[in-house]
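What follows draws every value from the coordinates through simple rules; no lab data is involved. Everything numeric here is computed off the predicted structure, so don't read it as measured data. Every residue, glycine among them, receives a Cβ derived from its backbone with ideal geometry; neighbour counts consider all protein chains shown.
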Amino acid sequence: MEIQRVSPIKFKTKPVEIESRDGWEVALYYGKGTGPLLIDLSHCRKWDLQDSNLSRFRPFGISIPDKPGQCVFNNGILVNRMNRTQCYIWELAANKLRPPRSVSYTDITDGHALLAVTGPSALEIMERVTNLDLGAPSLSPPCLLQGPVFHIPCQVVLLSRSSTGATILFSFSRGYGQSVADALLHSGRDLGLTPGGESELKL
C-alpha cells in the first residue's frame, strides 16, 4: 500500500487539474489567471547534503557551486550552496530520478514546505514580507539568500528575474506552511496574487 502524504498547505480554491504522485495529491492547474501566482511545491523531493568536502559530490551529475549563495539549476534540479559544508537539493521537475544513496544526504521532503511566488509583481509582493533585497542589481539569478520571511527562517532562491516578473522559491519548516501561505495571499491580494499549480510554474 502506498503511503499517503499530505502537504502542510491547503488553499481554499480548488484546482481544476490534479495528479497523484508518490502518495501526494499534486495540484497542477488552477486556471485563475496569468499571475502573480503562489504555488505549493512542498511535494517536490528535497535533500540536505552535508560533508566536510562537498567538492567530492555531484548530486544527479551536477557540480556543487563553490561559494555560499550560489545555485545551479539543471534539468529541473536546483542545487543551493548553503555554507562551507552544506547544500540543499530541490527536485522541481518530476524526473523520477533515483534518490542519492550516500549517508551524507538526508531526505527533508516531509519536514520542509516549499513555496513559489511567480509572475508580475512577484518582487513587490516579497518586499512586503521580507527584508531580503531580491531586487538588488548585484544579484545574479539563480542565487540563494538566507533570512526571514514573516520572521520565519527561510532559504530563499531568486530563480529568475526580468522586466516582466520574477520567480522566487523559499523553503521553511512545514509547521509554518499554512500560516505563511495564508499571510502571503493576504499580502498580495491587491496585486492579484492567487493560488497556482505546478504546471503553471515556468522553469
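Structure summary
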item	result
MRE, 222 nm, helices only [DSSP H, n ≥ 4, -39500 (n - 2.57), over the chain, to nearest 500]	-2500 deg cm²/dmol
Three-way shape label, the chain, alpha-carbon gyration tensor, a/c 1.5	oblate
Between region 150-203 and region 46-108, the Cα center-to-center distance that results, in Å	22
For the chain, size of Cβ-based charge dipole, Lys and Arg +1, Asp and Glu -1, in debye	340
Given the chain, longest segment not containing exposed loop trypsin sites (Lys or Arg not before Pro) (DSSP; at most 15 other Cβ within 10 Å)	129-201
Positive minus negative residues near L123 (Lys, Arg vs Asp, Glu; Cβ under 13 Å)	-1
Summed residue charge, Cβ within 11 Å of W47's Cβ, Lys/Arg positive, Asp/Glu negative	-1
Across K12/K202; K12/K96; K67/K96; K32/K96, pairs whose alpha-carbon gap is larger than 26 Å	K12/K96; K67/K96; K32/K96
Residue among S171, M126, G69 farthest towards the positive dipole end of the chain, charges placed on Cβ	G69
Total formal charge among the other residues, if their Cβ is under 12 angstrom from that of T34, Lys/Arg +1 and Asp/Glu -1	+1
